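A.B. asks: I have a structure here, written as structure tokens, and I will follow up with some questions on it.
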Amino acid sequence: MHSMKLGPVVRIIEVYFAAVMVTVLGYALLMPANDFKYDITLIRVLVVMAAASRSLWLIERRASTTRQYVVVSMLVVIALSLLDLFYGGEYARIAAVVSLPVLIAGGVLYFAGSFAIVAFFAFSPHAKELFVEPIHTSVQPTSNPGENIYEKPFTWPWFRNLVIYYCVFSIVGHWAEIGFCWLIVLGIFDGSYDFSHAQLWEQWLYPYPAEGIAVVLIVIFLFPLKEWLLKKFNGRLWPTLIASFFANAVVCVSIDFLMGITTNADYQLWDYRDMPFNFMGQIVLQNSLVYTIAATLFVWVVYPLMAKALHRAPQHYVNGMFFGLLGIYAFLEILYYVHVGPRGLIFG
């Protein structure tokens, strides 16, 4: 397996993919988050990061699907790049920060390299001989109804799935915040809202790492606690559910309060002091109940369903999704939380 060497051409292509990813991340580093528009540029950079990162993984695997994936994804990237260049305003944004010769040279290198990669993977005999490894065999067994769908801790699938949960729910957590704010708007919950807050309402891919970290902690600690309680109560549902709910409440309230006193000491992010059943203005009963219900729902329903789906899916699909998702999330994290300022790197 993997006996045939990749060769210098494929290594150059790998360097090209890596260079494109570094360039996109550099773009995110230099671009002020408030200036980044949710238009075709967003679609292009996310597709580029997902396509390049997954292509690198497939190439290293010598996977039989590499040629088809690279050709199709690169053609999509080329089409999006042309649309962005001529209709999305990307040309004007790039021209504002680089000289015309650099712009032309970079464009020629980018498009020439992209078309050359498509031609190589579509027509090269070397590519046809190299990428033949059948990776569809790496599928978890599903014939046993009693199989353990929860990956063994500290194994590759376990770490991989934690990263997937973190990335996905950092974004989903943002959407949940929007939903909660709409409940406030509708008068169902007490609180304040600000429709001019672009980070919340308009930048809908702005990652909320706190929510992603919360989900990871649920997977690592609260779900095993639920399983332990289930054994202690001899499989009885209601006592286990009640005990799990109160344990989730203690953890959620503790994390919420700890975040408040460490990141919101001067109440610049939130202030619950004028709401009933608050403590030090950092936590309030209604929010704590919502967080606890959400955590309990995740422990009992969402996580088991996701774990089952990831376990039973062909593992090369899950691995490919992992690398593509990681590329996309890296761009978003750098765009919104790291920036180059006059005094160097600025975080947060």
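The values are calculated or read from the model by the stated rules, or taken from the named source; none is laboratory data. Please read all numbers here as calculations on a predicted model, not as lab measurements. Note that we place each Cβ from the backbone using ideal geometry, even for glycine, and neighbour counts take in every protein chain shown.
A.B. asks: Run down LEU289, LEU305, LEU325, LEU345 and say which single residue is closer than 16 Å to LEU46 by Cβ and not polar (S, T, N, Q). Steps first, please.
C.D. replies: Values: LEU289 fails: closer than 16 Å to LEU46 by Cβ; LEU305 fails: closer than 16 Å to LEU46 by Cβ; LEU345 fails: closer than 16 Å to LEU46 by Cβ.
After applying the criteria, what remains is LEU325.
A.B. asks: Which condition from (1) over 19 Å from the mean Cα position of the chain (by Cα); (2) surrounded by 14 or more Cβ atoms within 10 Å (Cβ to Cβ); (3) not hydroxyl-bearing (Ser, Thr, Tyr) is the one that GLU60 breaks?
C.D. replies: Of everything listed in (1) over 19 Å from the mean Cα position of the chain (by Cα); (2) surrounded by 14 or more Cβ atoms within 10 Å (Cβ to Cβ); (3) not hydroxyl-bearing (Ser, Thr, Tyr), GLU60 misses just condition (2).
A.B. asks: So TYR267 passes all but one of these: (1) assigned to a loop (DSSP other than H, G, I, E, B); (2) surrounded by 19 or more Cβ atoms within 10 Å (Cβ to Cβ); (3) touching a Lys or Arg at 6+ places or on another chain (Cβ under 9 Å); (4) not small (Gly, Ala, Ser). Which condition number does it fail?
C.D. replies: Every listed condition holds for TYR267 apart from (2).
A.B. asks: If you don't mind, there's one more thing I want to ask. Which numbered condition in (1) farther than 20 Å from GLU211 by Cβ; (2) exposed (fewer than 14 other Cβ atoms within 10 Å of the Cβ); (3) of a type in the set (A, V, I, L, M) is the only one that ALA313 fails?
C.D. replies: (2)
A.B. asks: Select, from LEU85, LEU42, LEU75, the only residue that is assigned to a helix (DSSP H, G or I) and modelled with pLDDT of 95 or more.
C.D. replies: Working: LEU85 fails: modelled with pLDDT of 95 or more; LEU42 fails: modelled with pLDDT of 95 or more.
Matching residue, one of LEU85, LEU42, LEU75: LEU75.
A.B. asks: What's the total number of residues in the range 270-304 that are assigned to a helix (DSSP H, G or I) and closer than 18 Å to VAL250 by Cβ?
C.D. replies: Taking the range 270-304 first, the residues assigned to a helix (DSSP H, G or I) are 285-304.
So of that shortlist, the ones also closer than 18 Å to VAL250 by Cβ come out as 285-300.
Final tally of qualifying residues: 16.
A.B. asks: Can you tell me how many residues within the range 320-348 are closer than 23 Å to THR155 by Cα and either small (Gly, Ala, Ser) or out of contact with any Lys or Arg (no Cβ under 7 Å at 6 or more places or on another chain) (or both)? Don't jump to the end; show me each part of the working.
C.D. replies: First pass over the range 320-348, keeping only residues closer than 23 Å to THR155 by Cα: 320-327, 329-330.
This time we only want the ones that are either small (Gly, Ala, Ser) or out of contact with any Lys or Arg (no Cβ under 7 Å at 6 or more places or on another chain) (or both), so: 320-321, 324-327, 329-330.
Number of matching residues: 8.
A.B. asks: How many residues does the range 37-46 hold that are under 15 Å from the mean Cα position of the chain (by Cα) and crowded, with 19+ Cβ neighbours inside 10 Å? Can you show your working first?
C.D. replies: We begin by selecting, within the range 37-46, every residue under 15 Å from the mean Cα position of the chain (by Cα); these are 42-43, 45-46.
Checking the rest, the ones that are also crowded, with 19+ Cβ neighbours inside 10 Å come to 45-46.
The number of residues fulfilling the criteria is 2.
A.B. asks: Pairs only if they're at least six apart or on different chains, beta carbon under 7 angstrom, first in the range 169-186 and in contact (Cβ under 8 Å) with a residue 12 or more places away in the chain, second of a type in the set (Gly, Ala, Ser) and part of a helix (DSSP H, G or I); list them, first residue then second.
C.D. replies: PHE169/GLY212; SER170/GLY212; GLY173/GLY212
A.B. asks: Report yes if LEU162 is surrounded by 12 or more Cβ atoms within 10 Å (Cβ to Cβ), assigned to a helix (DSSP H, G or I) and over 19 Å from the mean Cα position of the chain (by Cα), otherwise no.
C.D. replies: Working: surrounded by 12 or more Cβ atoms within 10 Å (Cβ to Cβ): yes; assigned to a helix (DSSP H, G or I): yes; over 19 Å from the mean Cα position of the chain (by Cα): no.
Spelling it out, it is not the case that LEU162 is surrounded by 12 or more Cβ atoms within 10 Å (Cβ to Cβ), assigned to a helix (DSSP H, G or I) and over 19 Å from the mean Cα position of the chain (by Cα).
A.B. asks: On the given criteria, is ALA249 closer than 21 Å to VAL215 by Cα and crowded, with 19+ Cβ neighbours inside 10 Å?
C.D. replies: no
A.B. asks: Test GLU211 against the criterion of being crowded, with 16+ Cβ neighbours inside 10 Å and under 22 Å from LEU162 (Cα atoms), and give yes or no. Step through it out loud before you land on a result.
C.D. replies: Details: crowded, with 16+ Cβ neighbours inside 10 Å: yes; under 22 Å from LEU162 (Cα atoms): yes.
Answer is yes for this residue.
A.B. asks: Before we move on, is GLY191 outside the structural domain of LEU42 (by TED's automatic domain parsing) and within 27 Å of VAL45 (Cβ to Cβ)? Break it down into steps so the answer makes sense when it comes.
C.D. replies: Numbers: outside the structural domain of LEU42 (by TED's automatic domain parsing): yes; within 27 Å of VAL45 (Cβ to Cβ): no.
So GLY191 fails the test.
A.B. asks: Which one is nearest to TYR150 (Cα to Cα), of the residues in the range 197-235 that are touching a helix residue (DSSP H, G or I) at 6+ places or on another chain (Cβ under 8 Å), not polar (S, T, N, Q) and not in a helix (DSSP H, G or I)?
C.D. replies: Only one residue tops the list, namely PHE233.
A.B. asks: Identify the residue in the range 14-31 that is small (Gly, Ala, Ser) and touching a residue at least 24 places away in the same chain (Cβ under 8 Å) and, among all such residues, is nearest to GLY344 (Cα to Cα).
C.D. replies: Of the range 14-31, the ones small (Gly, Ala, Ser) are 18-19, 26, 28.
Checking the rest, the ones that are also touching a residue at least 24 places away in the same chain (Cβ under 8 Å) come to 18, 28.
Working: ALA18: 24, ALA28: 15 Å.
Within the range 14-31, the match that is nearest to GLY344 (Cα to Cα) is ALA28.
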